[in-house]
Amino acid sequence: MKILISAGPTREAIDPVRFITNRSTGKMGYAIAHAALEMQHEVVLVSGPVALTAPAGVKLVNVESAAEMAEAMKKFAVEADVIIMSAAVADYRPCSYSSSKIKKSDGNMVIELERTEDILASLGKSKRADQILVGFAAETDDLLQNAQNKLERKNLDYIAANIVGVPGRGFGAADNAITLIGRDGSLRELSLKSKRSIAGELLEIVLNR
Ligand code: CTP
């Protein structure tokens, strides 16, 4: 199978020295890439800036901004059997980019932000019947309801829902616990374990549906 995975954060530039980003480290997405390779699949990994080394054998596509990630994902989605969007894409970017470094002044500063493209929703719109599309939902509250809403809104086959803001799991942690919700209403609890183990279990479920 051809598996397309996105991982890590995006960076939305303000000026040549500053950007907006988030706490994603890419560990979950890279763990899925490792697991998919071990299962002998063909893997394309579209990665935001992270401090991880991609497993030998994946096709690594490095991107920075949400716009670059959108372009790469749409390009490789054409060939993909399974698409797993584990990247933490910035929802907003500065409305304008200053090519000169912005100098400070005494008063407060306001940066106006605009929405980025929802890459997962775009992939959901153009999804072929034979493609499996998997999203992630990182939530602090109402985990299952919020995740279920995202699954429907973005036309996904599965959504991996995980609680964030709890020490020892999620963003930056070595471990994770997720609830994998299927389009058919199926619900699988993947209890707290290493991201590599979670990745393997997630792929087993998604590929054997
Ligand atoms: N995603 C995306 N493009 C964006 C934002 C998110 O593809 N611009 C994807 C993520 O990779 C993830 C899923 O959408 O798979 C997360 O859903 P989203 O609704 O964006 O979650 P949040 O950013 O947490 O948004 P909300 O404020 O609705 O909770």
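The values are calculated or read from the model by the stated rules, or taken from the named source; none is laboratory data. The model shown is predicted, which means the values in this text are computed figures rather than measured ones. Note that we place each Cβ from the backbone using ideal geometry, even for glycine, and neighbour counts take in every protein chain shown.
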**OP:** Kindly establish whether residue 117 is exposed (fewer than 10 other Cβ atoms within 10 Å of the Cβ) and either more than 18 Å from residue 165 (Cα to Cα) or in contact with an Asp or Glu (Cβ under 9 Å, 6 or more places away or on another chain) (or both).
**Re:** no
**OP:** Tell me, yes or no, whether the range 175-194 has at least one residue that is in contact with a Gly (Cβ under 7 Å, 6 or more places away or on another chain), under 21 Å from residue 23 (Cα atoms) and either surrounded by 17 or more Cβ atoms within 10 Å (Cβ to Cβ) or in contact (Cβ under 8 Å) with a residue 12 or more places away in the chain (or both).
**Re:** yes
**OP:** Would you kindly identify the strands (runs of 3 or more DSSP E) lying entirely within the range 58-151 that contain at least 3 residues that are within 12 Å of the ligand (Cβ to nearest atom), out of contact with any Gly (no Cβ under 6 Å at 6 or more places or on another chain) and touching a residue at least 40 places away in the same chain (Cβ under 8 Å)?
**Re:** 132-139
Original post:
Any chance the range 20-30 includes a residue that's more than 16 Å from the ligand (Cβ to nearest atom) and at pLDDT 95 or above?
Top reply: no
Original post:
Can you name every residue in the range 173-209 that is assigned to a helix (DSSP H, G or I) and either on the phi > 0 side of the Ramachandran plot or aliphatic (A, V, I, L, M) (or both)?
Top reply: 198, 199, 202, 203, 205, 206, 207
**OP:** Just give me the residues in the range 182-203 being under 19 Å from the mean Cα position of the chain (by Cα), closer than 22 Å to residue 169 by Cβ and among the charged types (D, E, K, R), in sequence order.
**Re:** 195, 196, 201
**OP:** Output the residues belonging to the range 1-34 that are within 16 Å of the chain's Cα centre (by Cα) and of a type in the set (Gly, Ala, Ser).
**Re:** 6, 7, 8, 24, 26, 29, 31, 33
Original post:
Within the bounds of the range 22-40, is there any residue that is under 28 Å from residue 161 (Cβ atoms) and in a strand (DSSP E or B)?
Top reply: no
Subject >> Verdict on residue 51 being under 20 Å from residue 172 (Cβ atoms), at pLDDT 95 or above, surrounded by fewer than 16 Cβ atoms within 10 Å (Cβ to Cβ) and away from the ligand (no atom under 12 Å from the Cβ) >> reply: yes
Original post:
For residue 153, which of the numbered conditions (1) among the charged types (D, E, K, R); (2) under 17 Å from the mean Cα position of the chain (by Cα); (3) surrounded by fewer than 18 Cβ atoms within 10 Å (Cβ to Cβ); (4) within 19 Å of residue 22 (Cβ to Cβ) fails to hold?
Top reply: (4)
Subject >> residue 206, sole failed condition from (1) more than 10 Å from the ligand (Cβ to nearest atom); (2) under 20 Å from residue 20 (Cα atoms); (3) touching a residue at least 40 places away in the same chain (Cβ under 8 Å) >> reply: (2)
**OP:** Identify all residues within the range 41-51 that are in contact with a strand residue (DSSP E or B) (Cβ under 8 Å, 6 or more places away or on another chain) and assigned to a loop (DSSP other than H, G, I, E, B); write none if there are none.
**Re:** 41, 48, 49, 50
Original post:
Looking at (1) at pLDDT 95 or above; (2) within 16 Å of the ligand (Cβ to nearest atom); (3) not hydrophobic (A, V, I, L, M, F, W, C), which is the only condition residue 201 fails?
Top reply: (2)
